[in-house]
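The values are calculated or read from the model by the stated rules, or taken from the named source; none is laboratory data. Model, not experiment: these values are computed from the prediction. Heads up, the Cβs are rebuilt from the backbone with ideal geometry, glycines too, and the neighbour counts pull from every protein chain shown.
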Amino acid sequence: MELNSVWSTISGQIFILSSLISLSGDGDAGPILKERMKELRREIEEIDREIIFLLQKRMRISFEIANIKAQLEIPVRDEKREEEILRKAGNFRHIFERILEMSRNVQCLRIFQQNK
């Protein structure tokens, strides 16, 4: 999801919350806000499940790429490609650094297993 899209979603949610607070009338928006927080946390849990699924998929693909790299006898690390990925990651660079490290580890392990 792009940053503009995320911001648009957050802005919409803030508007909804402020509307709910003004509709409550008596100023006690606690129960409404707590329910909204539960809804948002459920959304985050779903997003977390999706992220985990996609990371697992990425690691499976990295495993397959390791097989190809081994056959072509090319190194695991492609610094130019990694830097391009990190550039695109923007504010999430540190997260993608870890993802790339995990992918390299998967590939190294696979190549090591093939060479036994």
The listed residue being acidic (Asp, Glu), surrounded by 12 or more Cβ atoms within 10 Å (Cβ to Cβ) and either closer than 26 Å to GLU101 by Cβ or at pLDDT 95 or above (or both), out of ASP48, ASP78: ASP78
Odd one out for ASP28 among (1) without any contact (Cβ under 8 Å) to a residue 24 or more places away in the chain; (2) assigned to a helix (DSSP H, G or I): (2)
Failed item, numbered, when ILE21 is tested on (1) at pLDDT below 95; (2) exposed (fewer than 14 other Cβ atoms within 10 Å of the Cβ): (2)
VAL106 in contact (Cβ under 8 Å) with a residue 12 or more places away in the chain, touching a helix residue (DSSP H, G or I) at 6+ places or on another chain (Cβ under 8 Å) and not in a helix (DSSP H, G or I): no
